[in-house]
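S.K.: Dropping the structure in here first, questions after.
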Amino acid sequence: MKQIAALLVLCLSVAGCSRHRTYAEGCGPLPRDWITPRQGRGVESLINVIAVAADGSVSFNGAGISRPILATYLKQSSAMFPAPVTQIKFAPTVDCATVQSLRRLMASALDCKYGKCSEGNEKWWFIGDVVFNGQSPEPYDPDASPLRTSQR
């Protein structure tokens, strides 16, 4: 009986080790200085969107491209003024090796400080570039109902 239990544990551990983790299961924390769309971006900022499909294919602003072309586009983006926010979106079944590889590519080609590199599939919140009524520029949902102001 002990031999069967040991064999079962061995089989389960070998099967578990050969299985690749996916984006939906978690591929580690975001790289340092990266943001999520919920953290917001300026209302006047430009944005580039990289989408990674389940099969690992990549698109840049809606056009399918190869990884060498992506590297070129990222280097060109880093030279733009003002620098655009670059967001990467992963399909849930993309394996973590692909996620880590593309994160490294973005980090090596872009200056990811000051909220210029982003990851996540959710919708962008905005940060108001103009402060009004003493309110600080906090991220807000652009689709939410506008706040009612009191009549004076």
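S.K.: I'd like to verify a number: residues in the range 95-128 that are of a type in the set (A, V, I, L, M, F, W, C), surrounded by 18 or more Cβ atoms within 10 Å (Cβ to Cβ) and within 13 Å of the chain's Cα centre (by Cα), how many?
M.R.: Residues flagged as of a type in the set (A, V, I, L, M, F, W, C), surrounded by 18 or more Cβ atoms within 10 Å (Cβ to Cβ) and within 13 Å of the chain's Cα centre (by Cα) within the range 95-128 amount to 6.
S.K.: Another question, then. With the condition kept exactly as written, say whether any residue in the range 37-55 is assigned to a helix (DSSP H, G or I), in contact with a strand residue (DSSP E or B) (Cβ under 8 Å, 6 or more places away or on another chain) and closer than 20 Å to VAL94 by Cα. Write out each step before concluding.
M.R.: Of the range 37-55, the ones assigned to a helix (DSSP H, G or I) are 37-39.
Still in the running and in contact with a strand residue (DSSP E or B) (Cβ under 8 Å, 6 or more places away or on another chain): 37-39.
Those left that are additionally closer than 20 Å to VAL94 by Cα: 37.
Yes, because at least one residue in the range 37-55 is assigned to a helix (DSSP H, G or I), in contact with a strand residue (DSSP E or B) (Cβ under 8 Å, 6 or more places away or on another chain) and closer than 20 Å to VAL94 by Cα.
S.K.: What number of residues within the range 37-51 satisfy the criterion of being open to solvent by 40 Å² or more (accessible area, probe 1.4 Å), over 14 Å from PHE81 (Cα atoms) and of a type in the set (Val, Ile, Thr)?
M.R.: Counting residues in the range 37-51 that are open to solvent by 40 Å² or more (accessible area, probe 1.4 Å), over 14 Å from PHE81 (Cα atoms) and of a type in the set (Val, Ile, Thr) gives 1.
S.K.: So if I check each of PHE60, PHE90, which one is aromatic (Phe, Trp, Tyr), within 15 Å of the chain's Cα centre (by Cα), crowded, with 17+ Cβ neighbours inside 10 Å and over 21 Å from GLN39 (Cβ atoms)?
M.R.: Result of the check over PHE60, PHE90: PHE60.
S.K.: Here's another thing I want to ask about it. Please determine, by comparing only the residues of the range 25-36 that are out of contact with any helix residue (DSSP H, G or I) (no Cβ under 7 Å at 6 or more places or on another chain) and not hydroxyl-bearing (Ser, Thr, Tyr), which one is most open to solvent (accessible area, probe 1.4 Å).
M.R.: So the residue we want is ARG32.
S.K.: Another question about this same structure. I'd like to check something: does the range 57-65 contain any residue that is assigned to a loop (DSSP other than H, G, I, E, B), modelled with pLDDT of 95 or more and within 24 Å of GLY28 (Cβ to Cβ)?
M.R.: As a first pass, look at the range 57-65 and keep what is assigned to a loop (DSSP other than H, G, I, E, B): 57, 61-62.
The next check asks that each one be modelled with pLDDT of 95 or more; those that pass are 57, 61-62.
Those left that are additionally within 24 Å of GLY28 (Cβ to Cβ): 57.
Checking the range 57-65: at least one residue is assigned to a loop (DSSP other than H, G, I, E, B), modelled with pLDDT of 95 or more and within 24 Å of GLY28 (Cβ to Cβ).
S.K.: Considering the range 66-83 alone, what residues qualify as being in a loop (DSSP other than H, G, I, E, B) and surrounded by 10 or more Cβ atoms within 10 Å (Cβ to Cβ)?
M.R.: If the condition is that a residue be in a loop (DSSP other than H, G, I, E, B) and surrounded by 10 or more Cβ atoms within 10 Å (Cβ to Cβ), then SER66, MET80, PRO82, ALA83 are the ones that fit.
S.K.: Okay, moving on. For the range 2-18, state whether one or more residues are in a helix (DSSP H, G or I), at pLDDT 90 or above and surrounded by 10 or more Cβ atoms within 10 Å (Cβ to Cβ).
M.R.: Within the range 2-18, the first condition is being in a helix (DSSP H, G or I), and the residues that meet it are 2-18.
Next, only the ones that are at pLDDT 90 or above stay: none.
Taking every residue of the range 2-18 in turn, none turns out to be in a helix (DSSP H, G or I), at pLDDT 90 or above and surrounded by 10 or more Cβ atoms within 10 Å (Cβ to Cβ).
S.K.: Here's something else I'd like to know. Just one of THR98, THR86 is in contact (Cβ under 8 Å) with a residue 24 or more places away in the chain and assigned to a helix (DSSP H, G or I); which is it?
M.R.: Working: THR86 fails: assigned to a helix (DSSP H, G or I).
The conditions single out THR98.
S.K.: Taking only pairs six or more apart or across chains, which ones have beta-carbon atoms under 9 Å, a first residue in the range 42-65 that is within 22 Å of ILE127 (Cβ to Cβ), and a second residue that is among the hydroxyl-bearing types (Ser, Thr, Tyr) and part of a strand (DSSP E or B)?
M.R.: If the second residue must be among the hydroxyl-bearing types (Ser, Thr, Tyr) and part of a strand (DSSP E or B), the pairs left are ILE47/THR86; ILE47/SER118; ASN48/THR86; VAL49/SER59; VAL49/THR86; ILE50/SER59; ILE50/THR86.
The values are calculated or read from the model by the stated rules, or taken from the named source; none is laboratory data. Remember, predicted model here, so these are calculated numbers, not experimental data. No Cβ is skipped: glycine too gets one built from the backbone with ideal geometry, and neighbour counts run over all protein chains shown. Note: accessible area is taken over every heavy atom of the protein model, side chains too, but ligands, DNA and RNA are not part of it. Shrake-Rupley method; radii C 1.70, N 1.55, O 1.52, S 1.80 Å.
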